[in-house]
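A.B. asks: One structure is given below, represented as structure tokens, and several questions about it will come after.
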Amino acid sequence: MNKEILIRMGELAVARGNALITTGGIGSCLAIIAYDPESKVGGMAHAMLPQRNPEPNAEVLDRIVGRYDKRSLDSKYVDEAIYKLVQEVEMTGAKKENLEIKLVGGARMFQSLSKYKNGGVGQENLEVAKKTLAKLKLPIRSQDVGGNIGKIVKFNLNNGLVRIITKI
Amino acid sequence: MSDSLDFEKDQLIEVINIGAGHASTALSQMVDKTVNINVPEMFIGPVEKAQTFIGESEKVKTTVLMNIFGATPGMMFVLFSPDTASKLAELVVEKYGNKDDMTPEMEASALKEVGNVILGASLNALSDFLEISIIQSIPEIANDLLGSVVDSVLSEIGKKSDTALVFKVRFKVEGEDITGQFFFLFEPEATSKILELTKKKLDFQKTNE
């Protein structure tokens, strides 16, 4: 029997084989999935916002210590969630070069939200995810993103398959 | 310190109660039935934790959402179960025409109108009470997983603040199986504005007693 792990907004879970990592309904949030088919180690993050609001001296900090060294990573933010996810699957036994990345979410549920930006938070989440993944040289294997429909994500760690459930 | 926090909390709940009271009156007039409401419940905490307060993420709900602009920016929405939403739409359409001809588009349109009237009524009440100008957007409707609707709303708040302030008011149409919830979410500056204006109002009343 597969162990089912539910992750809520801003959470992240990593496991090896025999597990199902699932989310509740995802709209503009982004589910980021990483899986190493060899070791069957994988994880999923349920990120909510593209990135942390800039701190007053963030730029200086970035230059001196590197952005992610001094602060603990928060999987609420897409960029930090990706770093944290990669770190944690590696610690659990995955090899970075084997990682298959999948993205689900980033929808726009209401037109009136973020009306001054094309696509709203969902689109911003996607853009930051793509940039961060490119920086880490991790190709996206497949994705189901954008649109205006909510999704439930079920990630099976036995085979790496991601089932997407919609209810409209 | 906790006394003054409790005091502020009570004040905020009282202000929301005024708004919710008007919303329920408006709904009651639309369906010609009594509508009962609960005392507002308040959530204050990390944005990502507000989802649990709002409801079950995997359930499908009908949401009518409006943005609030002006002195107290934020969002408000009303949630129904899809069954309730259909029943409510029927009650409204029945009053003005023939419900048997109702198409899904008409149902959506009727529900938007319900949202517009009840949320609008509560905003008017808030705007009168606080003596400020509040502007509402046109209503939007979504029929989808609650989690996906709520994350989009919370992300908007999350972009501006790590903390969310959410009010929930449950309502029930008497004699009908129609229940739902109103939600009010204010941006941080709106919260302090509401507190400031309420305080001014109370001080003014005191000096005039």
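The values are calculated or read from the model by the stated rules, or taken from the named source; none is laboratory data. Here the structure is a predicted model, which means the values were calculated and not measured. Quick reminder, even Gly has a Cβ in these numbers, built from the backbone with ideal geometry, and neighbours come from all protein chains shown. Remember, those area values only see protein heavy atoms, side chains included, never the ligands or the DNA or RNA. Shrake-Rupley method; radii C 1.70, N 1.55, O 1.52, S 1.80 Å.
A.B. asks: Please work out if B:Ile54 is touching a helix residue (DSSP H, G or I) at 6+ places or on another chain (Cβ under 7 Å) and within 14 Å of chain A (Cβ to nearest Cβ). Working first, answer last.
C.D. replies: Details: touching a helix residue (DSSP H, G or I) at 6+ places or on another chain (Cβ under 7 Å): yes; within 14 Å of chain A (Cβ to nearest Cβ): yes.
It is true that B:Ile54 is touching a helix residue (DSSP H, G or I) at 6+ places or on another chain (Cβ under 7 Å) and within 14 Å of chain A (Cβ to nearest Cβ).
A.B. asks: To continue, here is another question. If only one of B:Val39, B:Val47, B:Val92 is surrounded by fewer than 16 Cβ atoms within 10 Å (Cβ to Cβ) and of a type in the set (A, V, I, L, M, F, W, C), which one is it? Walk me through it before giving the result.
C.D. replies: Details: B:Val47 fails: surrounded by fewer than 16 Cβ atoms within 10 Å (Cβ to Cβ); B:Val92 fails: surrounded by fewer than 16 Cβ atoms within 10 Å (Cβ to Cβ).
Exactly one residue qualifies, and that residue is B:Val39.
A.B. asks: If I ask for residues that are within 27 Å of A:Arg108 (Cβ to Cβ), assigned to a strand (DSSP E or B) and not hydrophobic (A, V, I, L, M, F, W, C), which ones from segment B:155-180 would you list? It would help to see each step written out before you state the result.
C.D. replies: In the first step, residues of segment B:155-180 are kept if they are within 27 Å of A:Arg108 (Cβ to Cβ); the result is B:155-168, B:180.
If we keep only those that are assigned to a strand (DSSP E or B) as well, we get B:163-168, B:180.
Passing the criteria: B:Thr163, B:Lys168, B:Gly180.
A.B. asks: Restricting segment B:181-194 to residues that are open to solvent by 30 Å² or more (accessible area, probe 1.4 Å) and either touching a Ser or Thr at 6+ places or on another chain (Cβ under 9 Å) or assigned to a helix (DSSP H, G or I) (or both), which is modelled with the lowest pLDDT? Quick ask: steps written out before the conclusion?
C.D. replies: Here is the first cut: in segment B:181-194, the residues open to solvent by 30 Å² or more (accessible area, probe 1.4 Å) are B:181, B:188-189, B:192-193.
Then keep just the ones that are either touching a Ser or Thr at 6+ places or on another chain (Cβ under 9 Å) or assigned to a helix (DSSP H, G or I) (or both); that gives B:188-189, B:192-193.
On the way: B:Pro188: 78, B:Glu189: 81, B:Ser192: 82, B:Lys193: 85.
Looking at residues that are open to solvent by 30 Å² or more (accessible area, probe 1.4 Å) and either touching a Ser or Thr at 6+ places or on another chain (Cβ under 9 Å) or assigned to a helix (DSSP H, G or I) (or both), I get B:Pro188.
A.B. asks: Among the candidates B:Leu111, B:Leu91, which residue alone is at pLDDT 90 or above, farther than 30 Å from B:Ser161 by Cα and part of a helix (DSSP H, G or I)?
C.D. replies: Values: B:Leu91 fails: at pLDDT 90 or above.
Being at pLDDT 90 or above, farther than 30 Å from B:Ser161 by Cα and part of a helix (DSSP H, G or I) holds for just one of B:Leu111, B:Leu91, which is B:Leu111.
A.B. asks: Residue by residue through segment B:29-53, note down the ones that are over 18 Å from B:Ser161 (Cα atoms), part of a helix (DSSP H, G or I) and in contact (Cβ under 8 Å) with a residue 12 or more places away in the chain.
C.D. replies: Hits for segment B:29-53 are B:Met30, B:Val31.
A.B. asks: Another question, then. For B:Leu197, all conditions in the list (1) in contact (Cβ under 8 Å) with a residue 12 or more places away in the chain; (2) open to solvent by 10 Å² or more (accessible area, probe 1.4 Å); (3) more than 14 Å from the chain's Cα centre (by Cα); (4) more than 18 Å from B:Ala71 (Cα to Cα) hold save one; what is the number of the exception?
C.D. replies: Going through the list (1) in contact (Cβ under 8 Å) with a residue 12 or more places away in the chain; (2) open to solvent by 10 Å² or more (accessible area, probe 1.4 Å); (3) more than 14 Å from the chain's Cα centre (by Cα); (4) more than 18 Å from B:Ala71 (Cα to Cα), B:Leu197 breaks only (4).
Okay, residues lined up against (1) within 14 Å of chain A (Cβ to nearest Cβ); (2) out of contact with any Lys or Arg (no Cβ under 8 Å at 6 or more places or on another chain):
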| position | (1), (2) |
| --- | --- |
| B:Val117 | no, yes |
| B:Ala121 | no, yes |
| B:Gln136 | yes, yes |
| B:Ile141 | yes, no |
| B:Leu145 | yes, no |
| B:Lys160 | yes, yes |
| B:Arg170 | no, yes |
| B:Phe186 | no, yes |
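A.B. asks: Out of all the residues in segment B:18-30, is one or more over 18 Å from the mean Cα position of the chain (by Cα) and open to solvent by 10 Å² or more (accessible area, probe 1.4 Å)?
C.D. replies: Filtering segment B:18-30 for residues over 18 Å from the mean Cα position of the chain (by Cα) gives none.
Within segment B:18-30, not a single residue is over 18 Å from the mean Cα position of the chain (by Cα) and open to solvent by 10 Å² or more (accessible area, probe 1.4 Å).
A.B. asks: Say we look at segment A:129-168 and pick out the residues that are small (Gly, Ala, Ser) and either open to solvent by less than 20 Å² (accessible area, probe 1.4 Å) or under 15 Å from A:Cys29 (Cβ atoms) (or both); which of these is nearest to the other protein chains (Cβ to nearest Cβ)? Walk me through how you get there before you give the answer.
C.D. replies: We begin by selecting, within segment A:129-168, every residue small (Gly, Ala, Ser); these are A:129, A:134, A:142, A:146-147, A:150, A:160.
If we keep only those that are either open to solvent by less than 20 Å² (accessible area, probe 1.4 Å) or under 15 Å from A:Cys29 (Cβ atoms) (or both) too, we end up with A:129, A:146-147, A:150, A:160.
Values: A:Ala129: 14, A:Gly146: 13, A:Gly147: 11, A:Gly150: 2, A:Gly160: 23 Å.
For segment A:129-168, the residue satisfying everything is A:Gly150.
A.B. asks: Another one. Can you name the residue in segment B:103-145 that is under 18 Å from A:Phe110 (Cα atoms) and in contact with a Ser or Thr (Cβ under 6 Å, 6 or more places away or on another chain) and is also surrounded by the most Cβ atoms within 10 Å (Cβ to Cβ) among such residues?
C.D. replies: It comes out as B:Ala142.
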